[in-house]
Every structure is written in structure tokens, then in C-alpha cells.
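J.: Can you keep this structure in mind? I'll have questions shortly.
The values are calculated or read from the model by the stated rules, or taken from the named source; none is laboratory data. Predicted model, so just to flag it, every value in this text is computed and none were measured. Methodologically, a virtual Cβ is constructed for each residue, glycine included, from the backbone with ideal geometry; neighbour enumeration extends over all protein chains shown.
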Ligand code: 5AD
Ligand code: SF4
């Protein structure tokens with residue numbers, strides 16, 4: 001590994017422009033780690049654990065790509081030479097899980113003093129978290145944030161040459177660095193970032209503080225990346241952004257226009273996107289979706305709450321009636337579309353009457369699936385200053401909501417029983433070795449019998465039975 005003195009020479013020779021600078025560090029790291037293979041008679045191993053959303057999953061593919069390019073072998077076991085946690089802080093539960101894992105990793109590191117531990121992602125953008133790690137988890141070797149993830153190769157080399165904790169957190173950035181290695185989890189499908197950050201400042205949400213202001217990638221860069229992915233075997237893409245509906249609003253290319261351009265890419269079969277903010281979902285988008293046979297029949301449309309009073313306190317920018325009208329408009333245009341949602345229970349000040357409004361919307365809309373969360377107080381957000389709903393009350397409401405969602409989803413999903421639909425086969429079923437699992441255009445999972453070589457292809461499956469949130473079928 002580079003010595004501290006050598007590192008200064010390394011730095012003085014490094015190009016200043018990105019991504020050339022990172023390619024320089026990747027090249028250097030390759031040489032150092034090749035030597036490690038000779039010394040240890042094996043490749044060094046790395047384990048990445050990802051918490052949170054699809055954005056983080058995509059970031060982890062980038063981190064994994066850089067580690068693989070450098071010469072690490074990626075493994076799933078935390079008894080690795082290098083352990084990296086890509087963290088989430090959207091709810092406190094995710095933070096607690098990271099601290100729990102760090103407690104365990106401390107024991108492993110005592111057995112293997114060469115082991116290195118790194119932390120990155122949203123949680124690291126919070127000052128209080130950094131203070132806590134500095135005070136209680138001194139064994140952590142590297143911490144970086146969401147804005148400088150592209151610097152990973154450079155920071156990794158710095159970490160191996162340093163003898164103290166390396167911390168590099170940026171408050172914000174307008175830089176988008178492309179063209180670094182990526183290691184995809186699935187060969188046939190991929191997430192692709194179209195924008196970063198969020199400007200909405202929903203009062204409960206920490207994302208705008210840890211992911212920074214909204215930045216859209218140029219359409220041409222997105223199209224070029226997708227074409228490259230398709231040439232590499234990808235048939236389904238998921239366009240990722242905190243609020244894809246406001247893509248490019250400062251530019252001439254808005255989200256529907258971008259979709260129309262992406263649709264033209266030959267060889268690409270399915271286009272998905274998330275997340276859509278109800279306040280920004282345009283008629284133009286509905287039209288583009290309706291006219292497309294590549295854009296999947298699925299919208300993830302976070303409701304968050306059914307009460308207009310609570311929606312206002314949340315700063316969501318729509319009323320209960322607006323949301324219901326929007327759903328009706330979408331369903332009128334595309335009767336076969338699946339609509340899924342996110343709902344928060346126990347937002348500060350939520351009364352029984354407010355909660356009843358949420359139940360009412362769930363019953364009216366009949367979501368195909370809903371992710372439900374108990375409100376989690378995030379320090380620094382406006383809602384944290386409001387008086388909290390007792391946890392017991394929130395839990396009781398949460399259980400009631402879940403029960404109703406299960407019922408409405410079962411009813412909604414049951415619609416397609418008896419019909420035959422295309423399914424993109426994704427993987428071997430985790431419970432039954434003879435079964436495969438895939439997804440309908442509307443994102444619902446289907447399990448059916450089939451050979452492993454079908455993975456990554458689209459096959460027709462007759463839907464025999466609706467079970468909760470998925471189908472059993474036959475090919
Ligand atoms: N508490 C509970 N749920 C939250 N979410 C975001 N912030 C919070 C919070 N403080 C939920 C929202 C969002 C999803 C990704 O996480 O429902 O849509
Ligand atoms: Fe958070 Fe609201 Fe932005 Fe979604 S739109 S990331 S909930 S602030």
C-alpha cells in the first residue's frame with residue numbers, strides 16, 4: 001500500500017479534471033492491489049451492504065464497479081478485507097441498523113486488524129452522525145457522503161495510506177461525474193440516474209438536506225448511457241430520481257420529452273421510472289405513457305396522507321381531492337395501470353379524523369401495493385418541532401392501515417387472473433428451486449415453473465392465482 005510520504009507525490013501527479021482524476025487513482029490502486037495478490041496469494045475481498053432506496057442501490061453498483069476494477073473480489077460475507085456500508089437516514093430505524101452492524105463488525109476487526117471499514121451515503125451527511133462515529137466507533141477507517149461518491153477510488157487509496165480515520169463530506173455540489181466503472185446486479189436490467197437531489201422540502205423529509213438541490217443530467221448523456229447499457233444486454237431500465245416529474249424543468253427537455261427520446265432506442269424493451277410526485281405529474285406524461293408500448297403500466301405515486309389538512313402541514317402541494325382526481329385521470333387513460341404508493345402514519349398532529357381520510361383514499365383508490373411507514377422524527381426538518389403523536393396510537397393505526405391495504409391490493413391484483421401476460425424473468429425463486437420469479441409490465445411479481453436459462457428474457461405466463469401482492473402462473 002502507498003506510504004503516507006508517497007501519497008503526497010501521488011496527489012501532485014493526479015489530473016485535476018474528472019473523471020480522468022479517478023481513472024488515474026483506479027490505475028494506481030490496481031498496481032497496489034496486484035502486489036497484494038502476490039503477497040497474500042489471493043485477491044482481497046470486499047463486502048458492500050446497502051440500506052435504503054433504489055438510488056442507493058444504484059450508487060452501490062458504482063462502488064462495486066470501482067472495487068472490481070481495482071482488483072477486489074466482491075463477496076456477501078462481512079468477514080471481508082474491506083467492508084462498506086452505504087447508509088440511509090430517511091427513517092431512524094435505518095440509522096439504528098447501521099449502528100447495530102458496526103457493533104458486530106468491531107469484533108470481526110479485532111480478529112483481523114488488516115480489515116478496513118468504510119461508511120458512505122445519506123446518513124453521513126448529518127453532523128450528529130459524524131460526531132457519534134468519531135466518539136464511539138473509532139475503528140471506522142473511511143467516511144464519505146452522497147456528493148463525492150465518484151471520488152471513491154481516490155479516497156480508498158488515501159485510506160490505505162493513512163493511519164487515522166479519513167473523513168470527506170461535502171455540503172453540496174453541482175458536479176455530476178460520469179463514465180466510471182459500474183458493476184450491475186442484474187445483466188438484463190439497470191437503474192439509471194436522471195436527476196439528483198430534491199427541492200420539495202416536504203416537512204417530514206430529510207432527503208433535501210442530505211442529497212442537496214435538484215440537478216438534472218443532460219438528456220444526451222442519459223440517452224448515451226442507455227444505448228451503452230442496451231448494447232451490453234440490458235432490456236429494462238428504471239429511470240431514477242427523487243421526483244422524476246420535475247426532470248429538466250429549467251431546460252427545454254422535460255420528462256415526457258425525455259421518455260419519448262428513450263423509447264426510440266432499439267433493443268430496449270421496458271422503461272420504468274420512480275418516484276413521481278403527484279403535484280408535478282402532467283397530462284403530457286399520461287399521454288406519453290398511454291401511447292407507449294415500452295413504458296411499463298405502473299406508477300409509484302406517493303400519497304403520504306389522505307387528509308388535506310395533514311398534506312398541507314406536510315407541504316405536499318396537493319389536496320385529497322387533487323390526488324383522487326389525478327388517479328381517476330390516469331386510470332381513465334390506462335385502465336390496466338397499477339398504482340402503488342407510500343403512506344406515513346402518525347405525522348405530528350394527525351387526529352383520528354385525519355387518519356380516517358387516509359383510510360378513505362386507500363379504499364377508494366385500491367392501490368396495487370402500498371409502503372407504509374410510521375412517522376419518524378428527523379432532526380433539522382420542520383415537522384420535528386411539532387408535537388408528536390403517541391407511538392402506541394400510531395402503531396394501532398399502522399396495523400389497521402396495513403390490513404386494509406392487503407384487502408384492497410388482493411382485490412385489485414385479482415383482476416388479471418386467467419389472463420396471459422408478458423413477464424420479464426428475473427431470478428430463481430428463493431423458496432422453491434424449480435420456480436422462477438419475474439415481473440409483469442405493471443410491476444407485480446409472478447412465480448412460475450421454468451428453466452434457469454429463461455432468466456433475463458420476456459416470456460408469456462398465464463396468471464392462475466392471485467396471492468396477496470403476487471401471482472402464481474404457468475408459462
Ligand atoms: N418518517 C416516515 N416516513 C418517511 N418517509 C420519508 N421521510 C419519512 C419520515 N420522516 C417515507 C415517505 C417517502 C418514503 C421514501 O419514505 O413515505 O415517500
Ligand atoms: Fe422527501 Fe418530499 Fe423530496 Fe420525496 S419529494 S424526497 S418525500 S422532500
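J.: Within region 221-274, take every residue that is within 16 Å of ligand 1 (Cβ to nearest atom) and outside any loop (DSSP other than H, G, I, E, B) and give me the one that is surrounded by the most Cβ atoms within 10 Å (Cβ to Cβ).
T.: 273
J.: Moving on. Checking the structure you have, find out if any residue of region 371-393 is closer than 24 Å to residue 300 by Cα and away from ligand 2 (no atom under 16 Å from the Cβ).
T.: no
J.: Hey, another quick one. Test each condition in (1) at pLDDT below 95; (2) within 16 Å of ligand 2 (Cβ to nearest atom); (3) under 19 Å from the mean Cα position of the chain (by Cα) for residue 172 and report the one that comes out false.
T.: Failing condition for residue 172: (3).
J.: Can you find a residue that is more than 16 Å from ligand 2 (Cβ to nearest atom) and within 15 Å of residue 63 (Cα to Cα) anywhere in region 123-142?
T.: So in region 123-142, the residues more than 16 Å from ligand 2 (Cβ to nearest atom) come out as 124, 127-142.
Filter once more, keeping what is within 15 Å of residue 63 (Cα to Cα): 142.
Within region 123-142, one or more residues are more than 16 Å from ligand 2 (Cβ to nearest atom) and within 15 Å of residue 63 (Cα to Cα).
J.: Can residue 199 be described as within 16 Å of ligand 1 (Cβ to nearest atom) and surrounded by fewer than 21 Cβ atoms within 10 Å (Cβ to Cβ)?
T.: yes
J.: Hey, another quick one. Residue check: is residue 72 within 25 Å of the chain's Cα centre (by Cα) and crowded, with 22+ Cβ neighbours inside 10 Å?
T.: yes
J.: Out of the residues in region 31-55 that are in a loop (DSSP other than H, G, I, E, B), within 30 Å of residue 371 (Cα to Cα) and in contact with a helix residue (DSSP H, G or I) (Cβ under 7 Å, 6 or more places away or on another chain), state the one that is modelled with the lowest pLDDT.
T.: 52
J.: Criterion first (within 14 Å of ligand 1 (Cβ to nearest atom), in a helix (DSSP H, G or I) and at pLDDT 95 or above) does residue 358 satisfy it? I'd like the intermediate steps shown before the answer.
T.: Working: within 14 Å of ligand 1 (Cβ to nearest atom): yes; in a helix (DSSP H, G or I): yes; at pLDDT 95 or above: yes.
Yes, satisfied.
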